[in-house]
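Engineer: Pasting a structure here, questions to come.
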Amino acid sequence: MKKVLVLGGVSYNLMVDVNDFPEPKAQTIHSVNSFFEGIGSTGAGKALTLSRLGYDVTLFATIGSDTYGKSIKDELEENHVHLEYSINPKGTTRHVNFMKKAGERLSIFLNADPDQAPFDFNKLEVSIAESDVIFLNIIPYCKEFIPYIVKYDKPVWVDLHDYNPESNYYDEFISVADVIQFSSENITDYKKVMLDLLDDGKEMVICTHGSLGSTTLLKDSIWIETPSFPYEVVDTNGAGDAFLVGLFHGLAEQQDVRTSLVIASVLGGLTVHSQKLFFEGLTKEYLDAELIKRDVL
């Protein structure tokens, strides 16, 4: 069983399903389609999906000394994710996400992640040394982890999300990455961005396009276009995390890159079909059956 280390990113969010985003004016909104609260953020999404597929997962993240932090600990424990945490004195990170059926999201950060956090860095270094792969998330306090990561020759996967190539915020994360994923949502010439990132010595760069699939560039200059799969959209949170995990899982199962990307697309589709951050029925056996049904395996 591969040991996976996920660094950064857990919150407890309020999800609100709406037909349209609220207009920027004073108003009272009397009804929404539905709402629920639950665990969120990119580290939790990756960790929970990895654990459901049978990997030994440790997540380093911040939580608050509050009921939301306890709920996070309980859900991660229930899903066999080992949590190493430091306490955010401002409380557990929380977002309010307005979600539209097409997958669009309007996020309001009620309480952001801290820039620095008092982790047990001795435990961190042991976890890095023992891990087979590291998923490094672009949370501010995760920059503190990078000097420890560079001491060890471990594959590092980084999800840049809505990447802005004009910002130097991402530079430290990119510098240690072997595999990079980002979204084309705010980028017009995404292929140029992919080429620039690959020139920095990366193994693989993936650009996701939501329901339009993904584009992947390998270090030997091979381009791969992968379609999405037609799953009913319930909630798109966690889909990008599941996609990256699906790619990793396919490669870990000795599949080739093209097949692994299709596995990633199927796993992302399963996730948008779920209200939670991960597909609740997910197991390795369930995913294998889904892949066989769709003629992937």
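Engineer: State all residues of region 256-284 that are more than 22 Å from Asn13 (Cα to Cα), free of Cβ contacts under 8 Å to residues at least 40 places away in the same chain and assigned to a loop (DSSP other than H, G, I, E, B); if no residue qualifies, say none.
Structural biologist: Asp256
Engineer: From (1) in contact with a helix residue (DSSP H, G or I) (Cβ under 8 Å, 6 or more places away or on another chain); (2) under 14 Å from His82 (Cα atoms), pick out the condition that doesn't hold for Ile39.
Structural biologist: The number of the failed condition is (2).
Engineer: From Leu160, Leu124, which residue is crowded, with 19+ Cβ neighbours inside 10 Å, under 29 Å from Asn111 (Cβ atoms) and under 15 Å from the mean Cα position of the chain (by Cα)?
Structural biologist: The conditions single out Leu160.
Engineer: Also, quick follow-up: Within region 127-145, take every residue that is touching a strand residue (DSSP E or B) at 6+ places or on another chain (Cβ under 8 Å) and surrounded by fewer than 17 Cβ atoms within 10 Å (Cβ to Cβ) and give me the one that is farthest from Ser51 (Cα to Cα).
Structural biologist: Glu130
Engineer: Pick from Ser86, Ser65, Ser71, Ser127: which is farther than 30 Å from His273 by Cβ, among the small types (Gly, Ala, Ser) and part of a helix (DSSP H, G or I)?
Structural biologist: From the options Ser86, Ser65, Ser71, Ser127, the qualifying one is Ser127.
Engineer: Pull up region 1-35, narrow it to residues that are part of a loop (DSSP other than H, G, I, E, B) and of a type in the set (Gly, Ala, Ser), then point me to the one that is nearest to the chain's Cα centre (by Cα).
Structural biologist: It comes out as Gly9.
Engineer: How many residues are crowded, with 19+ Cβ neighbours inside 10 Å, assigned to a loop (DSSP other than H, G, I, E, B) and under 19 Å from the mean Cα position of the chain (by Cα) when one looks only at region 89-121?
Structural biologist: Here the count works out to 3.
Values quoted throughout were computed directly from the atomic coordinates according to the rules given, and no laboratory measurement underlies them. None of these values were measured; they are calculated from a predicted model. Positions of Cβ are backbone-derived with ideal geometry, glycine not excepted, and every protein chain shown enters the neighbour counts.
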